[in-house]
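Structure record follows, encoded as structure tokens.
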Amino acid sequence: MAANRILIVEDDHGISDSVALNLRYVGYECTVFDNGQEAADSLSSDHAYDLALLDIMLPGIDGFELFSYMEKYDIPVIYMTAKTDSASEVKGLRDGAEDYIVKPFEIVTLLVRIEKVLKRTGRLNEVYRFHDVVVDTKNRTVLRDGAEIVLTPLEFDVLAILIKNKNRTVSREHILNEIWGENFYGDIRTVDVRIANLRKKLGLGDAIRTISKAGYRLEERKK
Amino acid sequence: MKLWQKIALICSAVLVCTVAIMSTLLIIGSKNNILELTYEQARNKQRNIASSFSEMTNYYIDKDNSHSVKNSVIQYCFTRFADMYSVLVKNDKTLYSKISIAPEEYLDLEKNNSESGYPDKQRQYVGEIDGKTILIIGSQVVVQGDVYSVYVVNDISPVYESITGMIWRFVLIGGSVVVVGLVFIILLIRRSMRPLADLKQTAGRIAAGGYDERVLVTSNDEVGALAIDFNNMADAVECRINELTETAQRQRLFISGVTHEYKTPLTTLILNSDTLQNAYLSDEERDTALSHIASQCRWLEHMTQKLLKLITLKQDIELHPCSVQELFKRVEESVAQTFEERGTKLVTDCKTTEINMDMDLMQSVLVNLAENASKASKPGQTVYMKAYDNVIEVKDEGIGIPEADISRITEPFYMVDKSRSKKQGGSGLGLALVSEIAAAHGAELEIESELQKGTTVRVRFAQ
């Protein structure tokens, strides 16, 4: 199954580079433009995007104008902007944007929002691959070399978080929050137990790296 | 106690006192007059009776006449002149009387006369007899050696009654005068106090935030003058409040501009540091992230410097006569590199010797304007910097500014083409700084521009 394709239009390279880098790491395919007009022009030849991340203040044509092009090709839109006034927020959402993220934002937040929008619009690729492991988050199944591996629900949730944040460090707190919600103050060590089980059951001993004082990271590449 | 009550109280006290004193003086005077008149009348009557009686008896009686003849004549003569209030007495014996009062009991003429030695002197007595005020006038008459006492008894109670009546009338009239006067005084005072009440209400409304409230000036007395001064004060307050509101508004806009401007670089910093911390990066990717962080930090630093200048500039600056030639030389040196990089040329033409200014600040103005001009120009184009009379001018042949943007271009963070401007390292504060510095010099900033033809910016100093 193909990875989700995301279109990024942002004129600040410091932001677009970093966003694209992180999205690619977790398994999205990204195309970046720093000019609204160029992005709009490119759509006629290639418009198979699952999501567009649009800045509002853009050279060429601005984000709000660019939205009509996205609408034409049925691409869901998340705005990224420094404008905090509710007027532009309302305008963005009323026009039909799926979501709105205000600068400065965190990568984790952006990833969660992207996933939510993709899921809501039924575009989320819910099958993730990692070497010989295939995780289907929709049917909650895990295959290794084509053979199903039986995981407990908690082990599966932890694996899903790691694989969705492939190549990124995920803190134990983040994992706990994602699974039990923010109001749960459980023993952080329960995460360690699931990780140990996952390493054993899936043969991911090296791939799931413990990053000291930070958390865990599912590493795909070697430097 | 309220002012009108105090004034009314003082006025009424004065009024009551005046009326009372005047009435008393009038009453005393009238009473004395009336009594004097009554006494005078009574005395005349008695004198007439006594003298007529004396004349007549002395005419008719001889000293040879017998005692009984004498008595008859005397009786007859006295009856001729006497009325019902006259009494004739001889040696304590009443010869003629038609009243119950014996006047000799109250007024003993014998004794008095023998003491003073004037037998015909008229004497009087006033006193309370049987519940009435009685005036008795008496004198002695000598007839052929015999001494007779002639009395006239007057009941003067009605006089006193009329005096009492008069006093009551005075009290009544005085009282009414006081009451009516008081009513008028209070009405007048309240009327003249009404502008003060208006003033009070208006002051209350102004205090509650209605700074455009004013008092209607209706009189030209002290209250009117106060109202005029009050309005002047309200004008001053409103003016100052408006200034403050405007300043606060400007500052709010400025701060929201600052925070907005900081958001994009901060996003870059957060995203890249997050990436460095959490993602598994190749060396090349790490270098890119670090270079983004470094460049954004430098840009933030640059913007902070400009902001600081803009803020600290509000303090007073000192102006000295400075050589414009020298200024131009300095500007040329500082922009030389930028111009070389962009392939633009700077031509200066100085026709003014000295202008009152702060050399460093003016240098930053011209550097800003020259760099803007260079950025607006294509490589190979020329930027002209001229000085003549009291004007310094920077002119380019570049892309120009859209007319709608010219009026806003000196606002902090305003950029005509934001992404192009940012790429060239613009902070959106350059022209804001230029206009602040010009204002601090008391100079005017004039911007003329035509799209694709170029822009001219003039700093016109006060003469």
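Summary of computed values
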read-out: Charge dipole of the protein assembly as shown about the Cα centre (unit charges at C-beta), most positive-ward option of B:A440, B:L196, B:G428; value: B:L196
read-out: For the stretch B:211-278, fraction of C-alpha pairs farther apart than 18 Å, in %; value: 65
read-out: Residues A:E173, A:E220, A:E115 arranged by fewest to most Cβ contacts within 10 Å; value: A:E173, A:E220, A:E115
read-out: Inter-label distance, nm, simple model (7 Å from Cα along the C-beta direction), B:L244/B:N58; value: 10.8
read-out: P(r) of the protein assembly as shown over all Cα-Cα pairs, binned every 20 Å from zero, in whole percent; value: 12, 23, 17, 12, 8, 7, 10, 9, 3, 0
read-out: Spatial separation of Cα centroids for the stretch B:263-290 and the stretch B:23-78, in angstrom; value: 143
read-out: The stretch A:1-79: Cα Rg divided by the 2.2 N^0.38 Å rule of thumb; value: 1.00
read-out: Pairwise FRET efficiency - B:S176 versus B:K93, Cβ, R0 = 60 Å, nearest 0.05; value: 0.55
read-out: 222 nm mean residue ellipticity, helices alone, for chain B (DSSP H n ≥ 4; -39,500 (n - 2.57); rounded to 500); value: -21000 deg cm²/dmol
read-out: Cα extents of the stretch A:42-138 along the three principal axes, largest first (Å); value: 46, 32, 22
read-out: Kirkwood hydrodynamic radius over Cα pairs of the stretch B:307-443, then Stokes diffusion coefficient at 20 °C and 1.002 mPa s, in µm²/s; value: 138
read-out: Gain on full stretching of the segment that runs from B:M166 to B:T133 - 0.36 nm per residue minus C-alpha separation; value: 10.1 nm
read-out: Cα pair count fraction exceeding 32 Å, expressed as % - chain B; value: 70
read-out: Cα→Cβ-extended label distance, 7 Å offset, between B:Y76 and B:Y106, nm; value: 3.3
read-out: Packing-based exposure ordering (other Cβ within 10 Å, fewest first) of A:L54, B:L281; value: B:L281, A:L54
read-out: Where the Cα pairs of the stretch B:1-136 fall when distances are cut into 5 Å bins, in %; value: 2, 8, 12, 15, 15, 11, 7, 5, 5, 4, 4, 3, 3, 3, 2, 1, 1, 0, 0
read-out: Ratio of Rg to Rh over chain A (Cα coordinates, Kirkwood Rh, two decimals); value: 1.00
read-out: Stokes-Einstein D for the stretch B:1-68, Kirkwood Rh over Cα pairs, 10 °C, 1.306 mPa s (µm²/s); value: 91
read-out: Relative intensity, log₁₀ I(q)/I(0), of the stretch A:90-214 from a Debye sum that treats every alpha carbon as a point, q = 0.13, 0.16 Å⁻¹; value: -0.61, -0.88
read-out: More than 18 angstrom apart: percent of Cα pairs within the stretch B:186-250; value: 42
read-out: Distance between the stretch A:55-78 and the stretch A:102-169 - C-alpha centres, whole angstrom; value: 28
read-out: B:Q251/B:R286 FRET efficiency (R0 41 Å; Cβ-Cβ; nearest 0.05); value: 0.50
read-out: Kirkwood Rh (inverse of mean 1/r, distinct Cα pairs), the stretch B:293-367, angstrom; value: 14.5
read-out: B:A404-A:S68 FRET efficiency (beta carbon distance; Förster radius 30 Å; 0.05 resolution); value: 0.80
read-out: Fully extended contour minus Cα-Cα distance, from B:Q337 to B:L276, at 0.36 nm per residue; value: 18.5 nm
read-out: Computed magnitude of the charge dipole of the stretch A:92-134 (debye, nearest 20; Cβ of K, R +1, Cβ of D, E -1); value: 120
read-out: Expected-Rg normalisation [2.2 N^0.38 Å, Cα atoms] applied to the stretch B:202-315; value: 2.05
read-out: B:D389-B:S219 pseudo-label distance in nm [points 7 Å out on the Cα-to-Cβ vector]; value: 5.7
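Taken together, the values in this text are just the output of simple stated rules run on the coordinates, not laboratory data. Fair warning: this is a prediction, and the values are worked out from it, not measured in the lab. Here Cβ is always computed from backbone atoms with ideal geometry, including for glycine, and neighbour counts include all displayed protein chains.
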